[in-house]
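Q: Take this structure, written in structure tokens, and hold onto it; I'll ask about it next.
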Amino acid sequence: MKTRMRIEEDTLGKVQVPEEAYYGIQTQRASQSFSISGLKAHPLMVKSMILIKKAAALSHLELGRLAKRKVDAIMKACDEILKGKLMDQFIVDVFQMGAGTSFHMNGNEVLANRAEEILGGKRGEYRIVHPHDHVNMGQSTNDVYPAAMHLAALFLLKDLLFTALKEIEDSFRAKADEFDSVIKSGRTHLQDAPPLRLGQEFKAYAQTLAKCRAFVENASQSLLELGLGGSAVGTGLNTIPGYSELAVKHLSRMTGFALKRAEDLREAMQSMRPIAEVSSALRNLALEMNRISNDLRLLSSGPKTGLAEISLPPIAPGSSMMPGKVNPSMLEMMNMVCYQVIGCDLVISGAVQAGQLELNVMMPVMAFNLIFMIQIMGNALKQLKEKCIDGIKANVEQCKMYAESSMGLATALSPYLGYDRVAELAKEAFRTGKSLVEVIEEKAVFSKEEIRKILDLKRMTEPGISGKDYPK
């Protein structure tokens with residue numbers, strides 16, 4: 001069936017809009033001009049903007065600037081969208097007009113048309129509720145869009161990333177306890193090094209993630225500051241005294257976040273520093289998670305021709321050609337997510353420095369990348385924890401064999417024989433294919449009891465060495 005259309009008019013002329021659409025002429029223009037990626041705004045961006053509109057309407061009611069009848073209709077429309085209705089009406093591509101004006105007007109038009117309908121009017125007429133004059137009263141894209149960005153990121157960090165990060169951190173700690181007695185060879189430069197316990201290795205991973213989580217949490221505090229009420233250039237033009245503070249107060253109550261009005265509304269509009277801070281913290285997490293994933297891939301390599309110190313739970317056949325092959329698939333997925341997060345941070349870094357004078361118009365690409373990186377990192381951590389980390393098993397005998405045969409054991413002899421002498425013994429062991437212990441025994445350097453004590457593997461994995469054990 002042919003779509004029935006209505007005619008809407010603005011300062012640029014007339015445009016046909018689908019009769020059943022709740023969006024209007026500016027959204028229709030945007031959908032035609034910015035058909036770029038097929039990607040639409042994340043639902044949390046929509047939710048955040050609608051919460052801002054709700055807070056603004058309520059504030060203007062309390063300040064006596066907007067009639068209760070109109071506010072009630074706008075609030076009802078907001079509540080419907082917050083419950084999931086009309087989400088298909090937000091159709092603007094994520095790559096759009098600078099600053100996010102198209103997305104913002106999409107929201108203003110949907111709310112105005114639904115409020116108009118609630119009050120007995122028709123969509124597209126705006127006789128009772130106007131998208132600019134009423135829904136957008138005292139607001140501008142320039143202060144609403146960055147506030148929505150902050151809120152969307154805060155929601156996703158709280159509901160997904162922080163939980164997933166804490167859970168995988170706890171999983172590594174549990175494995176650290178489980179593997180505490182498993183002694184293995186350390187490796188530096190991918191060469192033999194002194195022994196350590198597998199549990200110590202996993203505990204270090206947990207500690208790294210705890211520090212990354214604290215860094216992201218600390219960076220996210222800057223998102224609590226909103227420039228709402230700055231309107232076009234941060235001066236608050238067309239707002240009335242008390243609006244900014246009241247709107248932020250209502251948003252705090254609605255969201256549960258300890259939001260606060262920016263100390264300088266002009267600075268809040270010019271600078272996208274909070275977005276850069278969170279993005280860079282997520283990049284650092286990606287760098288560390290990538291490193292840890294690579295370590296686990298190395299430790300599980302094999303099963304016959306690699307290190308094979310740990311075994312990963314199989315999740316799927318690893319090859320379309322080689323029967324029986326199982327790959328570290330979850331870790332490979334994590335690697336790819338980390339590379340994508342690093343790429344998102346690069347985009348955000350370029351966009352943040354692209355601000356000019358009173359506004360940074362690159363906010364839509366920041367919003368898309370920031371939300372995307374939080375979402376994929378959070379989901380990836382959750383899946384990695386459940387399908388990989390929780391099921392890791394230690395290959396105890398393999399670890400023991402490497403630890404006992406490692407050339408890194410020579411390090412423990414240096415305080416007794418000196419670096420140069422020990423180096424000669426180590427070279428002889430490597431040249432002859434004998435173990436270091438065999439060479440020491442042949443040369444009667446130490447008694448068997450002394451060798452047992454000095455090369456006690458577990459003792460070597462504890463921090464420091466007693467002063468009384470050093471030669472006089």
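Only the coordinates and a few stated rules stand behind these numbers; no lab work does. Predicted model, so just to flag it, every value in this text is computed and none were measured. Note: ideal-geometry Cβ built from the backbone for every residue, glycine included; neighbour counts use all protein chains shown.
Q: Of the labelled options (1) 22, 48, 23, 7, 1, 0; (2) 17, 34, 28, 16, 4, 0; (3) 21, 38, 24, 13, 4, 0, which one gives P(r) over Cα pairs in 20 Å bins from 0, in percent as computed for this structure?
A: The listed entry that was calculated here is (3).
Q: At what distance in angstrom do the alpha carbon centres of segment 99-134 and segment 403-452 lie from each other?
A: With segment 99-134 and segment 403-452 each reduced to a Cα centre, they are spaced 82 Å.
Q: Let me ask something else about it. Taking a point 7 angstrom from the Cα of Lys158 along the C-beta vector, which residues in segment 235-261 have backbone N less than 18 Å away?
A: Those under the cut-off are 247-261.
Q: Calculate one ³J(HN,Hα) per residue across segment 366-373 by plugging θ = phi - 60° into the Karplus curve 6.51 cos²θ - 1.76 cosθ + 1.60, and present them in order as whole Hz with x for glycine and proline.
A: Using θ = phi - 60°, the values come out as 5, 4, 4, 6, 5, 5, 4, 5 Hz.
Q: Assuming 0.36 nm per residue, please report the length gained on full extension of the stretch Lys83 to Glu178 beyond their Cα-Cα distance.
A: Numbers: separation 95, 0.36 × 95 = 34.20 nm, distance 4.47 nm.
Working it through step by step, the gained length comes to 29.7 nm.
Q: Residue by residue through segment 295-304, what is 3J(HN,Hα) from phi via Karplus (6.51 cos²θ - 1.76 cosθ + 1.60, θ = phi - 60°)? Round to whole Hz and write x for glycine and proline.
A: 4, 5, 5, 5, 5, 9, 4, x, x, 10
Q: What is the gain in length, in nm to one decimal, between Asp170 and Gln375 on full extension, counting 0.36 nm per residue of separation less the C-alpha to C-alpha distance? Please report the intermediate quantities before stating the final value.
A: Details: separation 205, 0.36 × 205 = 73.80 nm, distance 2.02 nm.
Result for the pair: 71.8 nm of gain on full extension.
Q: To continue, here is another question. Along the charge dipole of segment 5-137, Cβ charges K/R +1 and D/E -1, which of Thr11, Ala77, Phe95 sits furthest on the positive end?
A: Of Thr11, Ala77, Phe95, it is Ala77.
Q: Helix-only mean residue ellipticity at 222 nm, the chain, DSSP H runs n ≥ 4 weighted -39,500 (n - 2.57), per residue, nearest 500. What is it? Don't skip to the end; give the middle numbers.
A: Values: 18 runs with 259 residues, N = 472.
When only DSSP H runs of four or more count, the value is -18000 deg cm²/dmol.
Q: Follow-up question, since we're still on this one. For segment 70-156, which chymotrypsin sites (Phe, Trp or Tyr not before Pro) pass both filters: DSSP loop (anything but H, G, I, E, B) and at most 15 other C-beta atoms within 10 Å? Display every interim value, and only then the final one.
A: On the way: sites: Phe90, Phe95, Phe103, Tyr126, Phe155; in loops: Phe90, Phe95, Tyr126.
Those satisfying the criteria are Phe95.
Q: Would you mind calculating the gained length between Ala193 and Glu424 on full extension (0.36 nm times residue separation, minus the Cα-Cα distance), in nm to one decimal?
A: Values: separation 231, 0.36 × 231 = 83.16 nm, distance 1.65 nm.
Between Ala193 and Glu424, full extension yields an extra 81.5 nm.
Q: What is the sum of charges around Val92, taking Lys and Arg as +1, Asp and Glu as -1, for the other residues whose C-beta is under 14 Å from the C-beta of Val92? Write out the running numbers ahead of the final one.
A: Details: positive: Arg29, Lys40; negative: Asp88, Asp93, Glu109.
Surrounding charge for Val92 is -1.
Q: When DSSP assigns beta bridges and you keep just the ones with both residues in the chain, what percent turn out antiparallel, to the nearest 5?
A: On the way: 16 of 18 bridges.
Roughly 90 percent of the beta bridges in the chain run antiparallel, per DSSP.
Q: Now, a different point. Excluding Tyr205 itself, what net charge comes from residues whose Cβ is under 10 Å from its Cβ, given Lys and Arg +1 and Asp and Glu -1? Can you show the working numbers first?
A: On the way: positive: Arg173, Lys175, Lys203, Arg291; negative: Glu169, Glu201, Glu288, Asp295.
Computed value for this residue: 0.
Q: In what sequence, highest mean first, do 162-172, 32-42, 234-244 appear when ranked by Cβ atoms within 10 angstrom?
A: Highest to lowest by the protection proxy: 162-172, 234-244, 32-42.
Q: Set Lys and Arg Cβ to +1 and Asp and Glu Cβ to -1, take the dipole of segment 311-426 about its Cα centre, and tell me which of Met363, Ile376, Pro415 lies farthest positive.
A: Ile376
Q: Now for a separate question. What are the ³J(HN,Hα) values, in whole Hz, obtained from phi via the Karplus relation 6.51 cos²θ - 1.76 cosθ + 1.60 with θ = phi - 60°, for each residue of segment 342-348 in sequence order, with x given for Gly and Pro?
A: For segment 342-348, the Karplus curve yields 4, x, 4, 5, 5, 4, 5 Hz.
Q: I need the calculated FRET efficiency for the pair Arg452 and Val326, taking r as the beta carbon distance and R₀ as 35 Å, to the nearest 0.05.
A: On the way: r = 39 Å, r/R0 = 1.13.
Computed FRET efficiency for Arg452 and Val326: 0.35.
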